[in-house]
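Novice: The structure under discussion is supplied below as C-alpha cells; questions concerning it will follow.
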Amino acid sequence: MELKDIQELIKQVNKLNLAEVTIEKKDLKLTIRTHEPGVPATYTVMPQQTLQPAAPQPIAIQTTTTPQQTAAAAEAKAASTAEANLLTIKSPMIGTFYRSSGPDKPACVNIGDEIKVGSVLCIIEAMKLFNEIESEQTGRIVKILVENAKPVEYDQPLFLVEPI
Amino acid sequence: MFKKILIANRGEIALRIIRTCKEMNIRTVALYSTADRESLHVKFADEAVCIGPPKSSESYLNMARIMSAVEITGADAIHPGYGFLAENEKFAEICNEYGVKFIGPTASMIARMGDKISAKDTMKKAGVPVIPGSDGLLTDLKEAKKIAKKIGYPVILKATAGGGGKGMRVVWKEEDLETQWSNARAEAGASFGNDGVYMEKYIEEPRHIEIQVAGDQYGKACHLSERDCSIQRRHQKLFEESPSPFMTEELRNKMGDAAIKACNAISYEGVGTIEFLVDKYRNFYFMEMNTRIQVEHTVTEEVINYDLIKEQIKIANGEPITGKNYYPAMHALECRINAEDPANDFRPCPGRITNLHTPGGHGVRIDSHIYAGYTIPPYYDSMIAKIITVAQTRLEAIETMERALSEYVIEGIKTTIPFHQQLMKNKDFREGNFTTAFINTFQFKS
C-alpha cells in the first residue's frame with residue numbers, strides 16, 4: 001500500500017463520516033479512526049513486515065478477507081450508495097442567497113427538516129427583489145451547501161436532500 | 001477608468017475583450033450558459049458567473065439574468081460584444097438605469113439606426129447618399145411606374161415585411177413592371193401575410209464596402225477607412241479585407257466623409273460601421289449602420305495598428321478622440337473559419353476537436369476560442385476561428401493566408417478551411433474582381 005493510497009483512504013473515511021475503519025492484508029494492518037466529522041483523522045500503521053515498494057495494489061475497500069473488513073466495507077458501501085441517492089437542489093437564478101426572509105427571522109429550513117413540493121427553502125435576492133425558492137422535491141435536508149449572504153450562480157448546488 | 005467589465009457575450013469575441021481588459025488592468029467577469037462551462041473565455045476571465053441553460057433566450061439574451069450577474073459581481077461596465085444584446089436599445093437603457101456603463105452608443109442612437117426606414121431618412125437629411133427609391137410603401141402600379149421612371153431601371157421591388165430574399169423582384173424594363181408588381185405582392189402576401197411592397201434602385205452586382213468609424217462623447221467623429229466584405233453567402237460574410245481592391249483614394253475620401261456625416265447626424269458615441277453598396281461606376285449608397293464592434297474589426301486593426309476594443313473602452317470612459325482619420329498602411333485579409341462542411345452545403349458540424357495545431361509566424365493572427373479537446377456546442381453560431389494575415393502587398397497577404405490555411409489542423413469536425421484554400425486560388429479573387437454575386441459562380445470542389 002503506498003502513501004497516496006492511504007491518504008485517499010483517509011479522505012474516503014472522512015467523506016463517509018465513518019468512525020473507524022480497519023483493513024488487514026497479508027503484510028499490513030491499517031486502522032483509520034476519526035473523532036467526529038470535520039476533525040482530521042489519525043491513523044496507526046502496524047506493519048507485520050517492512051513495507052516493500054510493491055506493485056501498486058488497487059484500492060478497494062471492498063477487498064475483504066476478514067469479517068471485520070467485510071462489515072466496514074458493507075457500511076462504506078451503504079454510505080456511498082446513500083449519498084448517491086441524495087438529490088441536489090440547484091439554484092434556478094443568479095443572486096444573493098439568504099437562509100431566511102429577514103435578519104431576525106428563523107431560517108427557512110435546517111438540516112434534518114422535512115420538505116415537500118412547494119416548501120420555501122431559501123431566499124435569493126436579485127435586483128432588490130427577494131425571490132422565495134420553492135422545493136420541487138419531497139425529502140429531508142441533509143446538507144446546506146451555501147453560506148448565508150453569499151452570491152450564487154445559475155445551477156449552483158444549494159442543498160442535498162435525502163428522498164423519503 | 002472602469003474597475004471591472006462584465007462581458008455579456010461568449011466565444012472568440014468574449015476572449016478578445018478579455019485580452020484588452022487584461023492589458024488595461026481592468027478586471028473581467030465572464031458570463032456563461034451551462035453549455036459553455038468549458039469555454040475558454042470562462043477560463044481566461046478573472047471571475048465567471050453561470051447565467052442559465054444553453055438556450056440563448058435563457059442565458060446570453062436574458063437581460064434579467066445578466067443584470068443579476070452585474071449585481072453580484074459589482075461590475076461597473078458591460079461590454080456587449082457583437083450579436084446577442086449588442087444592438088438592443090432596451091438593454092442599453094436598462095444598463096443606464098442601473099448605473100452600469102454600456103460600452104457602446106446610447107439607447108436612442110441604437111434605436112435611430114436600428115429602424116431601417118428611419119435610418120435611411122436620417123442619412124438622407126444628413127446628405128449621405130442613399131439608395132434612391134420610393135418614400136415608403138407603394139400605393140399602386142401607377143405610383144410604381146412613376147417612381148421607377150424617376151430613379152431609372154433596373155429597379156427592385158421589396159417586401160416591407162420581407163426577409164430571406166422573398167418578396168423581391170428585379171424589374172429590368174418598364175414593360176415587365178406590371179407582371180413583377182403582381183408577383184412581388186403575391187409572394188409577399190403568401191410568405192409574410194403582408195403584401196406591402198416598396199421600391200429601390202437595383203444596384204447591379206454591388207460591392208459591399210463598409211467604413212469603420214469612431215465618435216466620442218463630445219461630438220467628434222473620425223473614420224478608419226474601409227473593409228471589403230463582398231464575399232458573402234446568404235448574407236453571411238465569409239471573408240473580409242482592407243483596403244478594398246476596388247478602392248481609390250478619391251472614393252475613400254468621399255465615403256469617409258459620408259461616414260463622418262452619418263456619425264455627426266446622430267452625435268454617435270463609440271465605435272461603429274457604416275455599410276455601403278458600391279456599384280461598378282463607384283457610386284456608393286448607404287445601406288445600414290452597425291452600432292457595435294464587428295467580427296471583422298480585426299482587419300482594420302492590423303492595417304492601422306490600432307486596438308478597437310481599447311478605443312471602445314476609452315470612449316466609454318469619457319476620453320476624447322483626436323478626430324484624426326486613419327488610412328491603411330498595410331494589406332490585411334480575414335478568413336472566417338466555421339464548423340461547417342463546405343462539401344455538404346455548409347451544413348453545421350458541431351462536435352469535439354480531437355486535434356488542433358494553430359498556425360503562426362510572421363503576419364499571422366488567430367482570434368479563436370477553440371482548443372484541443374474542446375466540444376463545440378450546437379446552440380450557438382458556427383464560427384470557431386478567424387485567421388487574419390497582414391503583409392505589405394495584397395499578393396503577399398494572400399500567400400501568407402495560403403500558408404497559414406495549410407498549417408491549420410483542426411481534427412474531429414469539418415471546417416470551412418478547404419473552402420478558403422480554394423478561394424485563395426480563385427482567379428477572380430486574386431485579381432480583386434469580385435462583387436456580392438461572387439459566391440453564385442464559385443464552385444467548391446469537394
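Novice: Go through the stretch B:379-402 residue by residue and tally those that are farther than 30 Å from B:PRO54 by Cα and out of contact with any strand residue (DSSP E or B) (no Cβ under 8 Å at 6 or more places or on another chain).
Specialist: Of the residues in the stretch B:379-402, 2 are farther than 30 Å from B:PRO54 by Cα and out of contact with any strand residue (DSSP E or B) (no Cβ under 8 Å at 6 or more places or on another chain).
Novice: Looking at B:ILE370, B:ILE384, B:ILE398, can you tell me which residue is touching a helix residue (DSSP H, G or I) at 6+ places or on another chain (Cβ under 7 Å) and either at positive phi or not assigned by TED's automatic domain parsing to the domain that holds B:LEU61 (or both)? Explain how you work it out, then say what you get.
Specialist: Details: B:ILE370 fails: touching a helix residue (DSSP H, G or I) at 6+ places or on another chain (Cβ under 7 Å); B:ILE384 fails: touching a helix residue (DSSP H, G or I) at 6+ places or on another chain (Cβ under 7 Å).
Answer to the check: B:ILE398.
Novice: Also: Suppose the filter is out of contact with any Leu (no Cβ under 6 Å at 6 or more places or on another chain), at negative phi and within 14 Å of chain A (Cβ to nearest Cβ); does B:CYS95 pass it?
Specialist: So B:CYS95 fits the description; yes.
Novice: Still on this model: So for the stretch B:237-253 (the condition being assigned by TED's automatic domain parsing to the domain that holds B:THR416, of a type in the set (Asp, Glu), closer than 16 Å to B:ALA126 by Cβ and in contact (Cβ under 8 Å) with a residue 40 or more places away in the chain), does at least one residue qualify? Walk me through how you get there before you give the answer.
Specialist: Just the residues of the stretch B:237-253 that are assigned by TED's automatic domain parsing to the domain that holds B:THR416, to begin with: B:237-253.
The next check asks that each one be of a type in the set (Asp, Glu); those that pass are B:240-241, B:249-250.
This time we only want the ones that are closer than 16 Å to B:ALA126 by Cβ, so: none.
Checked against the condition, which is being assigned by TED's automatic domain parsing to the domain that holds B:THR416, of a type in the set (Asp, Glu), closer than 16 Å to B:ALA126 by Cβ and in contact (Cβ under 8 Å) with a residue 40 or more places away in the chain, the stretch B:237-253 yields no hits at all.
Novice: Considering each of A:ASP104, A:ASP113 in turn, give the residue that is modelled with pLDDT of 95 or more and either more than 14 Å from chain B (Cβ to nearest Cβ) or closer than 25 Å to B:LYS55 by Cβ (or both).
Specialist: Among A:ASP104, A:ASP113, only A:ASP113 is modelled with pLDDT of 95 or more and either more than 14 Å from chain B (Cβ to nearest Cβ) or closer than 25 Å to B:LYS55 by Cβ (or both).
Novice: What residue, of A:MET93, A:MET127, is out of contact with any Phe, Trp or Tyr (no Cβ under 8 Å at 6 or more places or on another chain) and within 14 Å of another protein chain (Cβ to nearest Cβ)? Before the answer, list the steps.
Specialist: On the way: A:MET93 fails: out of contact with any Phe, Trp or Tyr (no Cβ under 8 Å at 6 or more places or on another chain).
Going through A:MET93, A:MET127 in turn, just one is out of contact with any Phe, Trp or Tyr (no Cβ under 8 Å at 6 or more places or on another chain) and within 14 Å of another protein chain (Cβ to nearest Cβ): A:MET127.
Novice: Is it the case that the stretch B:357-365 has a residue that's hydrophobic (A, V, I, L, M, F, W, C), surrounded by fewer than 20 Cβ atoms within 10 Å (Cβ to Cβ), modelled with pLDDT of 95 or more and in contact with a helix residue (DSSP H, G or I) (Cβ under 8 Å, 6 or more places away or on another chain)?
Specialist: So far as the stretch B:357-365 goes, yes, one or more of its residues are hydrophobic (A, V, I, L, M, F, W, C), surrounded by fewer than 20 Cβ atoms within 10 Å (Cβ to Cβ), modelled with pLDDT of 95 or more and in contact with a helix residue (DSSP H, G or I) (Cβ under 8 Å, 6 or more places away or on another chain).
Novice: Only one of (1) within 20 Å of B:GLU311 (Cα to Cα); (2) modelled with pLDDT of 95 or more; (3) touching a Phe, Trp or Tyr at 6+ places or on another chain (Cβ under 9 Å) is not met by B:ILE66, so which one is it?
Specialist: (1)
Novice: Looking at the stretch B:37-83 only, could you name the residues that are more than 10 Å from chain A (Cβ to nearest Cβ), over 25 Å from B:LYS3 (Cβ atoms) and touching a residue at least 12 places away in the same chain (Cβ under 8 Å)?
Specialist: B:GLU38, B:PRO54, B:LYS55, B:SER56, B:LEU61, B:GLY83
Novice: OK, next. Restricting the stretch B:116-165 to residues that are of a type in the set (S, T, N, Q) and in contact (Cβ under 8 Å) with a residue 40 or more places away in the chain, which is surrounded by the fewest Cβ atoms within 10 Å (Cβ to Cβ)?
Specialist: Out of the qualifying residues, it is B:THR122.
Novice: Another one. What about B:ILE376, is it crowded, with 17+ Cβ neighbours inside 10 Å, free of Cβ contacts under 8 Å to residues at least 40 places away in the same chain, under 30 Å from B:SER56 (Cα atoms) and not acidic (Asp, Glu)? Before the answer, list the steps.
Specialist: Values: crowded, with 17+ Cβ neighbours inside 10 Å: yes; free of Cβ contacts under 8 Å to residues at least 40 places away in the same chain: yes; under 30 Å from B:SER56 (Cα atoms): yes; not acidic (Asp, Glu): yes.
Yes, satisfied.
Novice: Quick one: which helices (runs of 4 or more DSSP H) sit completely within the stretch B:395-446 and have at least 3 residues that are among the hydrophobic types (A, V, I, L, M, F, W, C) and either more than 24 Å from the chain's Cα centre (by Cα) or at pLDDT 95 or above (or both)?
Specialist: Those helices (runs of 4 or more DSSP H) span B:417-425.
Table: residues versus (1) more than 28 Å from B:GLN422 (Cβ to Cβ); (2) of a type in the set (Lys, Arg).
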{"site": "B:LYS220", "(1), (2)": "yes, yes"}
{"site": "B:LEU238", "(1), (2)": "no, no"}
{"site": "B:SER244", "(1), (2)": "no, no"}
{"site": "B:ARG252", "(1), (2)": "yes, yes"}
{"site": "B:ALA265", "(1), (2)": "yes, no"}
{"site": "B:TYR285", "(1), (2)": "yes, no"}
{"site": "B:GLN312", "(1), (2)": "yes, no"}
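Novice: Quick check on this structure: which one of B:LYS146, B:LYS158 is outside the structural domain of B:SER57 (by TED's automatic domain parsing), closer than 19 Å to B:LYS201 by Cα and touching an Asp or Glu at 6+ places or on another chain (Cβ under 7 Å)?
Specialist: Working: B:LYS146 fails: touching an Asp or Glu at 6+ places or on another chain (Cβ under 7 Å).
Result: B:LYS158 is the single residue among B:LYS146, B:LYS158 that is outside the structural domain of B:SER57 (by TED's automatic domain parsing), closer than 19 Å to B:LYS201 by Cα and touching an Asp or Glu at 6+ places or on another chain (Cβ under 7 Å).
Novice: Given the conditions (1) farther than 18 Å from B:ILE293 by Cα; (2) part of a loop (DSSP other than H, G, I, E, B), report the number of the one that B:VAL29 does not fulfil.
Specialist: (2)
Novice: Next up: Only one of B:ASN283, B:ASN264 is assigned by TED's automatic domain parsing to the domain that holds B:VAL364 and more than 23 Å from B:GLU200 (Cα to Cα). Can you tell me which? Spell out how you get there, then give the answer.
Specialist: Working: B:ASN283 fails: more than 23 Å from B:GLU200 (Cα to Cα).
The match here is B:ASN264.
Novice: Condition test on B:LEU15, is it within 14 Å of chain A (Cβ to nearest Cβ) and among the aliphatic types (A, V, I, L, M)?
Specialist: No.
Novice: Working carefully through the options B:ARG347, B:ARG365, B:ARG336, B:ARG394, find the one that is under 27 Å from B:ARG234 (Cα atoms), of a type outside the set (Asp, Glu) and touching an Asp or Glu at 6+ places or on another chain (Cβ under 6 Å). Spell out how you get there, then give the answer.
Specialist: Numbers: B:ARG365 fails: touching an Asp or Glu at 6+ places or on another chain (Cβ under 6 Å); B:ARG336 fails: touching an Asp or Glu at 6+ places or on another chain (Cβ under 6 Å); B:ARG394 fails: touching an Asp or Glu at 6+ places or on another chain (Cβ under 6 Å).
Only one candidate qualifies: B:ARG347.
Novice: Pull up the stretch A:135-155, narrow it to residues that are farther than 12 Å from A:MET93 by Cα and part of a strand (DSSP E or B), then point me to the one that is farthest from the other protein chains (Cβ to nearest Cβ).
Specialist: Selected residue: A:ARG140.
The values are calculated or read from the model by the stated rules, or taken from the named source; none is laboratory data. None of the values given here were measured: they were computed from a predicted structure. Please note: Cβ atoms are built from the backbone with ideal geometry, for glycine as well, and neighbour counts cover all protein chains shown.
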